[in-house]
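Trainee: Encoded as structure tokens, here's the structure I'll be asking about.
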Amino acid sequence: MLRGPALACSLLVVMAGALGCKRDLGDCNLAFDPERPIEGPAAFDIAYRITDGLPMYEGQALVQSTCGDGSFCHAPAAVGADRIGVPAGLNFDVDLACTDESQDPSCAQPIESCESGQTDTAYCQRLQSLQNNQNQINRFAEGMIQEMRAGAMPPGEAGLRVRNGTPWLRKFDPDRPDRTEELPPIESAEAQEIVRNWLACQAPVIARTEMPASADDELEPCPSVDGEICIYNGPQGDLPGPMWSEIYWSIMFNECVICHGPPNNNVDQNPDNPRGGDIPGGASVDALAALDLTGPNAMDTSNWASDSHPAVVDALAYDAGDCAGDGTIVIPFDSPNSIMIQKLRDTQTCGTEMPPLDPISETLIQIVEEWVDLGAPNN
């Protein structure tokens, strides 16, 4: 039985769609103009993910990272309890149909057009899915903004546990030098105004990205194939070194502890916590049973990197997981045969790719690989 925020989330979405309960989304601000009376950002302001430079419109990034990303809530892969009360089929996933070929070989140039009814390529299938979910968002736009303002979407603590906490940075705008560099949290009035304006402008989406030839091309338009919006990748943030502590805080904590960690609603004052107080975990009981990437003290993340090291290095795959008896999670000096590397590359012979549906970039995988081949020290 659904209770609390999950039930409220489900009922409000259904009521908003079925009963036609709508609120005016207001004007669509297409271009920032300090003389216009419309508050808030333009619909086509671009943000980029700090780990790999992936570009999205600011509203697209906020909805993707809090509503549709991964395998929870409004994601197509979410089923049963993982939807946290969201009706089946109500998917708001607006991830790009193609990233650059270093991250997705199926996106290698030249990309074959989807015109004339072609649908059997990976790109065409993902582009169609993106367009379908974009249409879904436009259908439920009024209900979405109402729920955000009411605090019902994302649904309370459950929403905090399953959102992707990887930071998104804004493209610098010389007309607004005082804007915060990082996108604000979805609970803030500023973020809700970003989403409102994006919805009012029919939820435009960046559908594809390519590697820029130079820094001058970063976050600039790239050639379209089928009329889709293509933007070159943005700059990458400081990459981690091949050390477990840096890999843990930049990859494992942000992308993996959401499932491989216990529920935790405590506030952690440890400055090493990149979530700034939000401790992820509790999204999957099965994933936690298969692998715990935290430490014995669930209230303090300070030693989680060091404490979790024995759980992955020279550790046989856990009996609770799909890979039980099929190998070792990390084999020092042997990245090709380490299950962790296989799952990051989606070459595993057991279980599924990790993280599910939202793989990390090839650049980051190579850093993890280098750490393993250096002997996977607890450093």
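Trainee: Based on what the data block shows, is S306 in contact with a Phe, Trp or Tyr (Cβ under 9 Å, 6 or more places away or on another chain), in contact (Cβ under 8 Å) with a residue 60 or more places away in the chain and exposed (fewer than 15 other Cβ atoms within 10 Å of the Cβ)?
Mentor: yes
Trainee: A further question on this structure: Quick one: is L291 touching a Phe, Trp or Tyr at 6+ places or on another chain (Cβ under 7 Å) and at positive phi?
Mentor: It is false that L291 is touching a Phe, Trp or Tyr at 6+ places or on another chain (Cβ under 7 Å) and at positive phi.
Trainee: Find all pairs meeting these conditions: Cβ atoms under 7 angstrom apart; at least six residues apart or on different chains; first residue within the range 216-228 and in contact (Cβ under 8 Å) with a residue 24 or more places away in the chain and not assigned by TED's automatic domain parsing to the domain that holds D52; second residue loosely packed, with under 14 Cβ neighbours inside 10 Å and charged (D, E, K, R).
Mentor: none
Trainee: Testing A122 on (1) farther than 25 Å from C201 by Cα; (2) modelled with pLDDT under 70, one condition comes back false. Which one is that?
Mentor: All conditions are met except number (2).
Trainee: Which of the residues that make up the range 330-373 are in a loop (DSSP other than H, G, I, E, B), within 30 Å of L96 (Cα to Cα) and without any contact (Cβ under 8 Å) to a residue 60 or more places away in the chain?
Mentor: Within the range 330-373, S335, P336, S338, D346, T347, Q348, T349, C350, G351, T352, E353 qualify.
Trainee: Let me ask another. Hey, does the range 277-297 have a residue that's polar (S, T, N, Q), in contact (Cβ under 8 Å) with a residue 60 or more places away in the chain and either in the same structural domain as S106 (by TED's automatic domain parsing) or not in a helix (DSSP H, G or I) (or both)?
Mentor: yes
Trainee: Take the range 323-371 and flag every residue that is modelled with pLDDT of 90 or more and on the phi > 0 side of the Ramachandran plot.
Mentor: F333
The values are calculated or read from the model by the stated rules, or taken from the named source; none is laboratory data. Since this is a predicted model, take the numbers as computed values, not measurements. Glycine also receives a Cβ, built like all others from the backbone with ideal geometry; neighbour counts cover every protein chain displayed.
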